[in-house]
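Structure first, commentary second.
The values are calculated or read from the model by the stated rules, or taken from the named source; none is laboratory data. The structure displayed is predicted, hence computed values, not measured ones. All Cβ positions, even for glycine, are placed from backbone atoms using ideal geometry, and neighbour counts span all protein chains on display. SASA here: full protein model, heavy atoms, side chains in, ligands and nucleic acids out. Shrake-Rupley method; radii C 1.70, N 1.55, O 1.52, S 1.80 Å.
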Number of protein chains: 2
Amino acid sequence: MGMIRIEPLTKAAFAPFGEVVESEGATPIVINEGFATRLNSVARIDVSAEDGHVNIAIFEAKPRPQPIAITMMERHPLGSQLFMPLQPRNWLVVVCADPADPESFRAFAASGAQGVNYARGTWHFPLLVSAPGERFLVVDRAGAGQNLEEVTLPKPLSLPVFPASDRSSA
Amino acid sequence: MGMIRIEPLTKAAFAPFGEVVESEGATPIVINEGFATRLNSVARIDVSAEDGHVNIAIFEAKPRPQPIAITMMERHPLGSQLFMPLQPRNWLVVVCADPADPESFRAFAASGAQGVNYARGTWHFPLLVSAPGERFLVVDRAGAGQNLEEVTLPKPLSLPVFPASDRSSA
């Protein structure tokens, strides 16, 4: 079974697939008499295709058994989909350019301070978390139209075992 | 100085001011082969006035000195504004129906699992957190038009000192 190497999540590396939602790289604006900083436009929401609108959801996830088998991929042809972790704990992101091309798969280790916003139509694996009960705020699309495609991989791929020491972050 | 009592944040109590963004009360949909639950439509985003669009921001806040003085209020006449905590830590929400009426002020203790979505035009006090470096994902409006009103209170109000034992939540 082919193994996907896990690399750090950075804006540059993730750019072909969407946006990293994080404080780094945004221009801070001091507000609230100095008691807060605002970082604007950390993600671009793209949900207007076929009269779609923004859907705010909460996802609650539990870990899959390791080593994790990547047996399928999914994508949302009508809208972007943003996942923001609600706890400071590392998680994993798996994407690809073409599910039929094993060489196009990428796996990213996201810190608990990093969300991602999958660009419209980006192939991705479902949410991968490292502990039970992890929660994410999700900003995606609701509305008419078929916004989910799923494909089963002809040959499953695998992720390396994610060490416990990497499972929490500041 | 008039004191605002702090009450628990519940959907019913907060309904005149907007929505509580939380898992409770939403209908769970099991997805991802049983490894996740999706709770849809936990907030309604209202940003389309005057051709506005969704803005995704990160706020980073630090605590104000206690007792906290409520000296001003603000509101966004063109859009809703959603705050979701990115750490499991209690925070405070202060709103009012009319800044000129001290009796109309309400203060709510939110758990770290609760966000709020201020309805368009709801008077509120800026972000109140209990520890330095707290982060929130914010979903509000960008676009043309004047979307901020601020008013200074003729007589400041005060919050009771928030005990340290109340500052973290599961």
Inset, instruction - Express the Stokes-Einstein translational diffusion coefficient of chain B in µm² s⁻¹, to the nearest whole number, given a Kirkwood radius over alpha-carbon pairs, 10 °C and a viscosity of 1.306 mPa s. - result: 95
Inset, instruction - Roll a 1.4 Å probe over the protein heavy atoms and report the accessible area of B:His53 in Å², nearest 10. - result: 100
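Calculate for the protein assembly as shown the 222 nm mean residue ellipticity that helices alone would give, adding -39,500 (n - 2.57) per DSSP H run of length 4 or more and normalising by residue count, nearest 500 deg cm²/dmol. Can you show the working numbers first?
On the way: 2 runs with 8 residues, N = 340.
Helices in the protein assembly as shown give a 222 nm mean residue ellipticity of -500 deg cm²/dmol.
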Inset, instruction - With N denoting the number of residues in the protein assembly as shown, provide Rg(C-alpha) divided by 2.2 N^0.38 Å, to two decimal places. - result: 1.03
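Hey, with R₀ at 41 Å, roughly what FRET efficiency would B:Val161 and B:Ile31 work out to, going by the Cβ-Cβ distance, to 0.05?
Calculated value: 0.40.
Shielding of A:16-22 by partners, i.e. mean partner chain Cβ atoms within 10 Å per residue?
Values: counts 0, 0, 0, 1, 0, 3, 1.
So the per-residue partner count for this stretch is 1.
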Inset, instruction - State the Cα centre-to-centre distance between the stretch A:35-56 and the stretch B:69-136 in whole Å. - result: 20
Legend entry - Amide H contacts of B:Asp46 (H built 1.01 Å from N, under 5 Å, at least 5 apart or other chain): B:Ser80
Inset, instruction - Just tell me how shielded A:136-143 is by partners: mean number of partner chain Cβ atoms within 10 Å of each residue's Cβ, no decimals. - result: 3
Legend entry - Among beta bridges that DSSP assigns inside the stretch A:2-161, antiparallel share in %, nearest 5: 90
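Quick one: net charge of B:Ala144's neighbours, Cβ under 14 Å, K/R +1, D/E -1? Before the final figure, lay out the partial values.
Numbers: positive: B:Arg141; negative: B:Glu50, B:Asp51.
Local net charge: -1.
Of all the accessible heavy-atom surface of the stretch A:2-161, with the other protein chains kept in place and a 1.4 Å probe, what percent is carbon and sulfur? Kindly include the intermediate steps, with their values, before the conclusion.
Working: 3550 of 6560 Å².
Taking all protein chains in place, the stretch A:2-161 shows 54 percent carbon and sulfur surface.
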Legend entry - Estimated inter-spin distance, A:Leu148 and A:Ala97, nm [label 7 Å along Cα→Cβ]: 2.8
Legend entry - Contact order relative to length of chain B, as percent, for alpha carbon pairs under 8 angstrom and 6 or more apart: 37
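At a probe radius of 1.4 Å, figure out the A/B buried accessible area, summed over both chains, and give it in Å² to the nearest 100. Don't skip to the answer; put the middle values down first.
Details: alone 9110 and 9100 Å², together 14660 Å².
The summed interface area works out to 3600 Å².
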Legend entry - Pairwise label distance in nanometres, A:Ala49 with A:Met3, each label 7 Å out on the Cα-Cβ vector: 3.6
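Taking only protein heavy atoms and a 1.4 Å probe, what accessible area per residue, in Å², does the protein assembly as shown have with all protein chains in place?
Details: 14660 Å² over 340 residues.
Using a 1.4 Å probe on heavy atoms only, each residue of the protein assembly as shown averages 43 Å².
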Inset, instruction - For peptide A:29-42, compute the average count of partner chain beta-carbon atoms within 10 Å of each residue's beta-carbon. - result: 6
